[in-house]
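Q: First, the structure itself, so that you have it in front of you.
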Amino acid sequence: MQRDLPAGTVTFLFTDVEGSTRLLQELGAEGYAEALAEHRRVLRAAFAGHGGVEVDTQGDAFFVAFPTARGALAAASSATAGLKSGPIRVRIGLHTGTPLVTEEGYVGEDVHRAARIAACGHGGQVLLSASTAALLDMTGLRDLGEHRLKDLSAPGRVYQLGDSEFAALKSLYRTNLPIPATPFLGRDRELGEVRTLLARGSVRLLTLTGAGGTGKTRLALQSAGALAERYPDGVYWVPLAPLRDPRLVLQGAAQAVGAEDGLHEHIADKQLLLLLDNFEHLLDAATDTAALLAACPNLTLLVTSREPLQVSGEQEYPVPPLVHAEAIDFFTTRARAVKPDFAPDDAVPEICRRLDDLPLALELAAARVKALSPQQILARLQQRLPLLTGGARDLAERQRSLRATIEWSYDLLTEDEQRLYARLAVFRGGCTLEAAEQIAHAELDTMQSLVDKSLLRHNEDRYWMLETIREHASERLDSSGEADGIHDRHARRYLALAEAADPHMRSVTLRGPTHDSQEWLDRLETEHDNLRAALSRLAAEGETQLALRLAGALAEFWFAHNHYVDLRTRLPAVLALDERPTAARAKALVGATGALFYSDDVAGARRCAEEALELYRALGDQSGTADAIWSYAASLPHDDETGDELLEEARSLFRQIGDPDSIIGATRTLAHRRMERGDLEGAEPLYAENLTQARALGNTLREHQSLGALALIAAEQGRVEEALSLAREHILLAPSQGELDVSTSLSRTAFVLACAGRAAAATPILACSEQMADEIGAVQTWVSEMNERTRAQAREQLGDDAFAEAWERGRALTADEALALAFHELAPDG
């Protein structure tokens with residue numbers, strides 16, 4: 001049969017029976033056997049009648065090859081029609097490609113893609129890839145749009161034969177799983193075992209362990225993609241390799257899933273899988289991770305690490321090297337990717353044995369077939385590996401073999417390639433070509449050469465190294481004599497980036513995010529690992545003034561993007577390194593003031609603001625002085641009239657500078673102080689003035705905040721209908737604001753609703769707000785006091801039992817759900 005396989009451009013057809021287990025139960029063993037036999041007869045007749053060649057049959061599934069796309073489609077149509085009256089329904093997938101034909105059959109990605117297309121469908125549905133549809137008359141084909149298949153390939157367009165309605169395709173969605181640069185090969189047994197373990201309800205934390213280069217990440221990614229159907233609320237990848245602070249693990253997870261209302265609350269009871277990749281250097285975060293798992297009953301964690309997390313409920317799965325036969329196929333496929341006519345010889349199995357069948361080691365060696373024959377590769381390995389593995393006795397043998405392979409690959413580089421390879425280790429979380437050119441003096445051709453040799457990865461506009469390779473490159477950099485210069489250029493570039501972004505971050509604080517500022521926020525987020533690395537380097541090398549400049553420039557970004565761990569730990573640490581009275585220290589002190597204020601350390605915030613004010617006055621910096629006055633005044637007790645006087649001074653300075661947004665901000669603080677001491681008549685006109693000014697400037701953040709304050713004042717004074725109307729305008733603007741403002745908006749709304757006697761709505765909204773505030777970690781004393789008043793009113797209106805029930809409902813709400821509830825309740829007929 002194999003001799004008759006179509007060659008050249010071939011269209012593959014895969015079939016699979018839908019619900020075979022259910023059918024067996026419904027029809028019984030004998031009835032199902034008869035139906036299955038009839039199904040096979042119908043399919044084989046359709047295939048043979050249109051030129052198909054049966055390649056393989058596994059259980060209920062067929063794999064058939066056709067010399068033409070038209071013949072494959074006609075066979076699929078005929079098969080579907082022939083089965084229509086029977087109990088068995090099959091899903092059929094078609095894909096056209098140019099596979100390699102060997103003695104064993106077809107080899108190549110096209111086979112896997114055809115199978116994946118079929119797996120996306122439903123019984124009675126015929127699906128076609130874009131390459132197949134392009135060869136046909138599009139009449140009768142329905143465009144289903146782009147879909148990511150479970151082989152983790154890039155999105156591709158999928159078509160359906162006919163206009164029948166089916167459920168959504170079972171393709172990947174709600175995911176950020178990266179698209180691998182190369183196809184997944186082998187590992188059938190391991191993939192099956194991982195999927196089986198994750199299918200057990202008792203296994204909610206599965207850790208894939210093994211030395212670097214064993215393929216833990218690829219196996220985890222493939223397993224996560226294949227299991228997407230089990231997790232309707234999403235499958236998300238959290239890359240941990242660039243991080244160095246265990247406190248950032250859950251923050252990274254929150255960013256991956258898009259949690260804007262706290263990670264625990266966002267996940268809640270969702271059926272969701274998190275893939276925490278490269279955990280080994282952050283094991284202090286294991287208990288936090290276990291706590292997250294305990295709080296979210298339907299969450300599953302898939303972890304890759306060089307060692308287990310050692311927490312309750314963990315299931316470890318040691319990832320072995322490839323089976324030897326798989327290793328040979330892996331090497332051959334990777335070699336053909338760089339040399340299409342590569343033909344394996346007797347040296348290939350020995351190369352695989354020498355490299356312990358480790359995927360990364362094989363990939364590095366296979367990248368050399370362009371210049372070396374397998375015999376030459378083997379000879380060099382025989383010469384180099386014993387010498388290289390003779391050192392590093394503290395490493396496991398397989399890890400020593402991998403290290404030796406990386407070292408061997410490094411030795412084969414040209415001097416320019418070796419130099420660039422080492423220099424690129426300075427980057428954390430990857431880099432752009434521009435950054436590599438500036439910091440590592442990279443040339444595009446040399447970058448491409450390192451990509452070709454599998455020592456560097458590339459995706460869209462970023463380059464990065466696998467962590468195992470980056471560790472080796474970092475050692476080379478440290479011993480090169482260039483490390484100080486490279487790290488210095490790296491730190492200065494990212495300092496320049498942070499300082500260029502700083503005015504835009506200030507705009508976010510004063511006005512809320514805009515299109516322009518959002519681009520800067522996104523850029524800083526992408527480079528955050530490099531920014532952290534630059535700050536750590538500057539501090540460690542005694543460049544304390546530069547470290548203060550960088551920390552001060554990042555403060556607004558950390559606040560805007562909820563990086564409170566960085567805000568609370570890095571700023572105070574850098575300030576402790578250098579107490580010289582400089583502008584850099586003054587700016588960092590203002591940033592620390594905000595961090596301490598929202599940590600409810602008002603005394604600490606006051607000390608920082610007072611020192612910043614003294615420094616800015618001494619430096620003659622009018623703008624800095626105005627900022628420091630504003631911060632210092634905000635930290636003073638609300639009954640201290642000095643604060644009001646200072647705010648008037650700040651407003652005057654901002655007018656002289658020509659900074660209307662800061663005038664509004666300082667006015668808001670002044671109005672808030674009056675409100676805090678019960679002077680509602682004095683606060684209301686200031687908030688009204690701010691509302692007018694904010695609308696004139698298009699400042700939606702201050703418009704939103706002013707409306708909220710005016711709603712509270714109206715509620716306090718018993719003007720309930722006016723309060724509800726103002727609160728409704730206020731809540732309409734909330735979704736465009738940051739997390740902290742959304743949380744505060746919900747608290748304000750809950751207070752207004754409670755004052756209006758609508759405790760049944762106020763209670764869950766308040767519960768959600770407090771959940772958000774706890775997760776963010778931002779404490780505002782005035783909000784806490786307002787929440788206590790709301791809670792007391794709601795409990796009095798509802799009674800203890802009804803209040804407790806409404807509170808629990810609110811704890812399960814997302815921010816969007818709470819906002820929707822608030823909007824509904826504030827509507828005129830709410």
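The values are calculated or read from the model by the stated rules, or taken from the named source; none is laboratory data. It should be emphasised that the depicted structure is a prediction, and the values quoted were computed from it without experimental measurement. Backbone-built Cβ (ideal geometry, glycine too); neighbour counts: all protein chains shown. Quick note on the areas: whole protein, heavy atoms, side chains included, nothing else; ligands and nucleic acids left out. Shrake-Rupley method; radii C 1.70, N 1.55, O 1.52, S 1.80 Å.
Q: Checking the condition crowded, with 20+ Cβ neighbours inside 10 Å and in contact with a Gly (Cβ under 8 Å, 6 or more places away or on another chain), which residue from Leu161, Leu221 passes?
A: Going through Leu161, Leu221 in turn, the sole match is Leu161.
Yes/no per residue for (1) hydrophobic (A, V, I, L, M, F, W, C); (2) free of Cβ contacts under 8 Å to residues at least 40 places away in the same chain; (3) within 21 Å of Leu360 (Cβ to Cβ); (4) surrounded by fewer than 23 Cβ atoms within 10 Å (Cβ to Cβ):
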| position | (1), (2), (3), (4) |
| --- | --- |
| Leu413 | yes, no, yes, yes |
| Ala422 | yes, no, yes, no |
| Val426 | yes, no, no, no |
| Gly429 | no, no, yes, yes |
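Q: Okay, moving on. Filtering the stretch 163-191 down to residues that are closer than 29 Å to Leu322 by Cα and of a type in the set (A, V, I, L, M, F, W, C), which residue is nearest to the chain's Cα centre (by Cα)?
A: Only one residue fits best here, namely Leu177.
Q: With respect to the numbered conditions (1) open to solvent by 40 Å² or more (accessible area, probe 1.4 Å); (2) in contact with a Phe, Trp or Tyr (Cβ under 9 Å, 6 or more places away or on another chain); (3) within 22 Å of His672 (Cβ to Cβ), which one is the sole condition not fulfilled by Asp601?
A: (2)
Q: If you go through the stretch 539-573 one residue at a time, how many are more than 24 Å from the chain's Cα centre (by Cα), more than 22 Å from Leu510 (Cα to Cα) and open to solvent by 10 Å² or more (accessible area, probe 1.4 Å)?
A: The qualifying residues number 10.
Q: Next question, about the same structure. Given Ala761, Ala806, Ala773, which one is out of contact with any Asp or Glu (no Cβ under 6 Å at 6 or more places or on another chain) and either hydroxyl-bearing (Ser, Thr, Tyr) or at pLDDT 90 or above (or both)?
A: Among Ala761, Ala806, Ala773, only Ala806 is out of contact with any Asp or Glu (no Cβ under 6 Å at 6 or more places or on another chain) and either hydroxyl-bearing (Ser, Thr, Tyr) or at pLDDT 90 or above (or both).
Q: Something else: From the list Glu645, Glu579, which one is assigned to a helix (DSSP H, G or I) and either among the charged types (D, E, K, R) or touching a His at 6+ places or on another chain (Cβ under 8 Å) (or both)?
A: Every option except Glu645 fails the conditions.
Q: Within the stretch 251-268, restricting attention to residues that are open to solvent by 40 Å² or more (accessible area, probe 1.4 Å) and assigned to a helix (DSSP H, G or I), which residue is farthest from Ala118 (Cα to Cα)?
A: His264
Q: Given the conditions (1) buried (at least 20 other Cβ atoms within 10 Å of the Cβ); (2) part of a loop (DSSP other than H, G, I, E, B); (3) at pLDDT below 90, and given that Val369 satisfies all but one, which numbered condition is not satisfied?
A: Just one mismatch for Val369, condition (3).
Q: Please work out which residue is nearest to Val107 (Cα to Cα), limiting yourself to the stretch 302-353 and to residues that are surrounded by fewer than 20 Cβ atoms within 10 Å (Cβ to Cβ) and basic (Lys, Arg).
A: Arg336
A quick yes/no check of all residues on (1) free of Cβ contacts under 8 Å to residues at least 24 places away in the same chain; (2) crowded, with 22+ Cβ neighbours inside 10 Å; (3) among the charged types (D, E, K, R); (4) on the phi > 0 side of the Ramachandran plot:
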{"site": "Leu208", "(1), (2), (3), (4)": "no, yes, no, no"}
{"site": "Ala211", "(1), (2), (3), (4)": "no, yes, no, no"}
{"site": "Gly234", "(1), (2), (3), (4)": "no, no, no, yes"}
{"site": "Pro246", "(1), (2), (3), (4)": "no, no, no, no"}
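Q: Looking only at residues that are out of contact with any helix residue (DSSP H, G or I) (no Cβ under 6 Å at 6 or more places or on another chain) and in contact (Cβ under 8 Å) with a residue 40 or more places away in the chain in the stretch 63-75, which one is surrounded by the most Cβ atoms within 10 Å (Cβ to Cβ)?
A: Among them, the one singled out is Ala72.
Q: Moving to a separate point now. Any chance you could count how many residues in the stretch 74-100 are of a type in the set (A, V, I, L, M), within 30 Å of Pro340 (Cβ to Cβ) and out of contact with any Leu (no Cβ under 8 Å at 6 or more places or on another chain)?
A: 1
Q: Another question, then. With the condition being among the small types (Gly, Ala, Ser) and open to solvent by 40 Å² or more (accessible area, probe 1.4 Å), I'd like the helices (runs of 4 or more DSSP H) fully within the stretch 674-764 carrying at least 1 qualifying residues.
A: 680-697, 720-733
This table checks each residue for (1) surrounded by fewer than 20 Cβ atoms within 10 Å (Cβ to Cβ); (2) touching a helix residue (DSSP H, G or I) at 6+ places or on another chain (Cβ under 9 Å); (3) modelled with pLDDT of 90 or more; (4) within 23 Å of Leu43 (Cα to Cα).
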site	(1), (2), (3), (4)
Pro99	no, yes, no, no
Glu103	yes, yes, no, no
Val107	yes, yes, no, no
Arg116	no, no, no, yes
Cys120	no, no, no, yes
Ala130	yes, no, yes, no
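Q: Given the conditions (1) touching a residue at least 24 places away in the same chain (Cβ under 8 Å); (2) open to solvent by 30 Å² or more (accessible area, probe 1.4 Å); (3) over 26 Å from Glu614 (Cα atoms), and given that Glu519 satisfies all but one, which numbered condition is not satisfied?
A: Answer for Glu519: the failing condition is (1).
Q: Is the stretch 84-95 home to any residue that is under 21 Å from Cys120 (Cβ atoms), touching a Gly at 6+ places or on another chain (Cβ under 7 Å) and open to solvent by 10 Å² or more (accessible area, probe 1.4 Å)?
A: yes
Q: Moving on. Give all pairs with beta carbons closer than 9 Å in which a residue from the stretch 276-299 that is within 14 Å of Val311 (Cβ to Cβ) and touching a residue at least 12 places away in the same chain (Cβ under 8 Å) meets a residue that is in a loop (DSSP other than H, G, I, E, B) and of a type in the set (Phe, Trp, Tyr); count only pairs at least 6 apart in sequence or on separate chains.
A: Ala285/Phe279; Ala286/Phe279; Thr289/Phe279
Q: Sort out which residues of the stretch 429-455 are in contact with a helix residue (DSSP H, G or I) (Cβ under 7 Å, 6 or more places away or on another chain) and either within 20 Å of Lys216 (Cβ to Cβ) or among the hydroxyl-bearing types (Ser, Thr, Tyr) (or both), and write them in order of number.
A: Scanning the stretch 429-455 gives Gly429, Thr446, Ser449, Ser454, Leu455.
Q: Out of Met786, Met772, which single residue is among the aliphatic types (A, V, I, L, M), surrounded by fewer than 23 Cβ atoms within 10 Å (Cβ to Cβ) and within 26 Å of Asn699 (Cα to Cα)?
A: Met786
Q: Right, next: Among the numbered criteria (1) touching a residue at least 60 places away in the same chain (Cβ under 8 Å); (2) not in a helix (DSSP H, G or I), which one does Ser662 miss?
A: Condition not satisfied by Ser662: (2).
Q: Can you tell me which of (1) open to solvent by 40 Å² or more (accessible area, probe 1.4 Å); (2) closer than 20 Å to Glu676 by Cβ is the one Ser631 doesn't meet?
A: Of (1) open to solvent by 40 Å² or more (accessible area, probe 1.4 Å); (2) closer than 20 Å to Glu676 by Cβ, only one is false for Ser631: (1).
Q: Here's a follow-up. Please go through the stretch 269-297 and pick out each residue that is open to solvent by 10 Å² or more (accessible area, probe 1.4 Å), part of a loop (DSSP other than H, G, I, E, B) and either under 18 Å from Gly210 (Cα atoms) or out of contact with any helix residue (DSSP H, G or I) (no Cβ under 8 Å at 6 or more places or on another chain) (or both).
A: Scanning the stretch 269-297 gives Asp269, Lys270, Asn278, Pro297.
Residue-by-condition table, conditions (1) open to solvent by 20 Å² or more (accessible area, probe 1.4 Å); (2) of a type in the set (Ser, Thr, Tyr); (3) touching a residue at least 40 places away in the same chain (Cβ under 8 Å); (4) in contact with a strand residue (DSSP E or B) (Cβ under 7 Å, 6 or more places away or on another chain):
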residue: Lys150; (1), (2), (3), (4): no, no, yes, yes
residue: Glu165; (1), (2), (3), (4): yes, no, no, no
residue: Ile179; (1), (2), (3), (4): yes, no, yes, no
residue: Arg189; (1), (2), (3), (4): yes, no, yes, no
residue: Ala199; (1), (2), (3), (4): yes, no, no, no
residue: Thr214; (1), (2), (3), (4): no, yes, yes, no
